[in-house]
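Input: a single structure, listed below in structure tokens.
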Amino acid sequence: MVEHEVQISFKDQLILRIIHEQIAIYGMPPTNREILQELKMAKLELSDDILELVEIGSNSTSIVNHSLNNLQKAGFIEKAHYKNHGIKVLKESILPPIIRYSEDKK
């Protein structure tokens, strides 16, 4: 039996980076709703040329769940079903960290 490599999208990679950073900051993985919120904030900071790679059309966490399923199939994460913070990172993202700067004008 030949195993096929699962391709993950830019959005999937971005979600993986968000998960990794949330674990580093808070000591636990984010919920799907927290991932969606972080994804929307990250989208605001993306340049126009890569903005189209991250499609976020609704407030539904189903887009997050779809990406989490892709990441699990690709071996990047393991999901514990029916658990809010049930994501375990198995492989690191290839994206650089998301760095947010506050725009405090004093």
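Yes/no per residue for (1) under 21 Å from LYS91 (Cα atoms); (2) at pLDDT 90 or above; (3) of a type in the set (Val, Ile, Thr); (4) touching a His at 6+ places or on another chain (Cβ under 6 Å):
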position	(1), (2), (3), (4)
LYS11	yes, no, no, no
ARG33	no, yes, no, no
LEU46	no, no, no, no
LEU51	no, no, no, no
LYS79	yes, yes, no, no
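Can you pull out every residue in the range 64-75 that is in contact (Cβ under 8 Å) with a residue 40 or more places away in the chain and within 22 Å of LYS43 (Cα to Cα)? Within the range 64-75, VAL64, SER67, LEU68, ASN70, LEU71 meet the criteria. Would you be able to say whether some residue in the range 55-70 is of a type in the set (D, E, K, R), surrounded by fewer than 16 Cβ atoms within 10 Å (Cβ to Cβ) and modelled with pLDDT under 90? Looking for residues that are of a type in the set (D, E, K, R), surrounded by fewer than 16 Cβ atoms within 10 Å (Cβ to Cβ) and modelled with pLDDT under 90, one finds at least one in the range 55-70, hence yes.
The values are calculated or read from the model by the stated rules, or taken from the named source; none is laboratory data. All values reported here derive from a predicted model rather than from experimental measurement. We place every Cβ from the backbone using ideal geometry, glycine too, and count neighbours over all the protein chains shown.
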